[in-house]
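Following: one structure in structure tokens, then a few remarks.
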């Protein structure tokens, strides 16, 4: 397989976890690049084969793409190019091999689709290519945690939130019908956008995200359970013993490893990027077990079921918002790569803000302290977050200042009013 086009060819790969809309970007990039006269190669399995010093393996996993191959895939979930979490910077000679392999196909332009780790890998390969290969990174993550200006969402987030909200609505109805509690874990390793967005949209009973604990390096499991226990007690005092609690998986990221290792059945493992494998940490089960233990101590029944809004969201067919958004992103990526404008000559993440292309240069995305791509966290001082909290059934200062309601709360918890304030008062401060 070779390419003698003097303009070079364009490569596309997908890294990290799946997200609704991946095929839409692949289609848009392929169609526009072909219209501009470029050969297009889809590279399978992210960086997996690109980083290897194995020409046959690489060539076997590089497919020439035509418009006919992609013309209707924007309706579909998943990725026709698959994906992987291979990290070029952590594979011996990974960057060097990547550059050499791209040269074999005369690839002068590269579109990478992924999250912060995929963009970091792209930036390292771009450095290794010394300007010979121009990169455009399309930001993808249902976590919505990439630093896109003006709070613009990452593609895939809106579809994941839409499906997640529908699932939570169903659980809310089931909880009311059966008189039970659900605890739902939503994806979001670094940021709680998805958990909060789902809970707010569906009107879940309450949600917890890591950001509300500030810059604390660690979060204690007991503190998380204090908050949810207070929610359940408040609901019971209001005459309702059912509800749905949502928690962001990233909360577990801040648990101490030694604390997790003490929990039966938990094995602490890490992925290729050095991240704790959150799928192996059954956060819902851990929190449920502790909450049930607390209620059993006071001889009160608590029927609770844990569920995970994880992988089920990632390959869902995109809603029209993401179908349109990914077409904008794919078209803009090719437009940027082929642009002669001086400001478009650097490697960049492709952002479409209010319908306009606005590149975010690789060097401006890197956190000067961590040396990794910056992460966009939920702004807990924002009006949007305050609105989310105002509709949750969380303990509030006014609950403890209302003498009659405080008596009801304490009676429900079967402790004195003073002990109730001593145990749960801190939860009203965050």
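The values are calculated or read from the model by the stated rules, or taken from the named source; none is laboratory data. What you are looking at is a predicted structure, and each value in this text was computed from that prediction instead of being measured. Every residue, glycine as well, gets a Cβ built from its backbone with ideal geometry; the counts of neighbours run over all protein chains shown.
Structure notes:
- Test result for residue 180, at pLDDT 95 or above and surrounded by 24 or more Cβ atoms within 10 Å (Cβ to Cβ): no
- Spans of helices (runs of 4 or more DSSP H) in segment 356-430 with at least 1 residues modelled with pLDDT under 95, touching a helix residue (DSSP H, G or I) at 6+ places or on another chain (Cβ under 7 Å) and surrounded by 11 or more Cβ atoms within 10 Å (Cβ to Cβ): 362-365
- Positions within segment 136-147 being within 14 Å of residue 366 (Cβ to Cβ) and not in a loop (DSSP other than H, G, I, E, B), in sequence order: 137
- Selection status of residue 46, buried (at least 23 other Cβ atoms within 10 Å of the Cβ) and part of a helix (DSSP H, G or I): no
- Residue list for segment 56-93, restricted to those being farther than 24 Å from residue 326 by Cβ and touching a helix residue (DSSP H, G or I) at 6+ places or on another chain (Cβ under 7 Å): 58, 87, 88, 89
- From 196, 167, 245, 221, residue being modelled with pLDDT under 95 and touching a helix residue (DSSP H, G or I) at 6+ places or on another chain (Cβ under 9 Å): 221
- The residues of segment 58-96 that are closer than 28 Å to residue 344 by Cβ, over 28 Å from the mean Cα position of the chain (by Cα) and part of a helix (DSSP H, G or I), listed by number, are 67, 69, 96.
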